[in-house]
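J.: Can you keep this structure in mind? I'll have questions shortly.
What follows draws every value from the coordinates through simple rules; no lab data is involved. The structure displayed is predicted, hence computed values, not measured ones. Here Cβ is always computed from backbone atoms with ideal geometry, including for glycine, and neighbour counts include all displayed protein chains.
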Amino acid sequence: MSGFHAIVLAAGSGSRFGGGKLMAPWRGGALIDGALDSALAAPVEDVRVVVGADPAVVAHVLSRCAATLVQAPDHALGLSASLKAGIASLPAGATGALIFLGDMPLVPQGLLRPLVRAVTDGAPAAVPVWEGRQGHPAAISSRLFAQVLALQGDRGARAVLDGLGGALVLIPAPDAGVLLDVDRPEDLPE
């Protein structure tokens, strides 16, 4: 979809995991591969991977796909720093972004087109929902970029999305993969 870009947030240190989270072995590859596969399958112009804490992630991404790497030098300030680096890296004509979390490997790819379409059809943002809970990835319109760029601390786009009320489009998810966020080794799915 013209003007839409995928951003994979992969700059954190994975401290709750014990470090090296995105490179943890998973299904014959690394944990980040699930998010990369989904981002690469999305109807977007390009995929940008925001990196920072783990140089192994940089090497892995470069060896695996043709994504654009975006450095988040202030990633230690929290999730907002990584998100802002990704948004700031987009070209001036970007119409929206599909935001993936590097530690969410089971995003159903069938959701990606409806999420992007909701925003290209005029919604300010769209998110998947499973059993009443909002998940990831989030599709956001460029109209929200200024608000995202104003975020501070360990906060993602949820703070901006919550302010949209009924304007936020909810796309029903086919399974709980939109909620599975790996924080600790025991969270790794089979």
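J.: List the residues whose amide H sits under 5 Å from the amide H of T68, counting only those 5 or more places along or on another chain, with H placed 1.01 Å from N in the peptide plane.
T.: V47, R48, V49
J.: Just in segment 7-94: which trypsin sites (Lys or Arg not before Pro) are loop by DSSP and have at most 13 other Cβ atoms within 10 Å? Intermediate values should be presented prior to the final figure.
T.: On the way: sites: R16, K21, R27, R48, R64, K84; in loops: R27.
The qualifying sites are R27.
J.: May I pose another question? Would you kindly compute the Cα radius of gyration of segment 4-181 and its largest Cα-Cα separation (Dmax), both in Å?
T.: 14.8, 42
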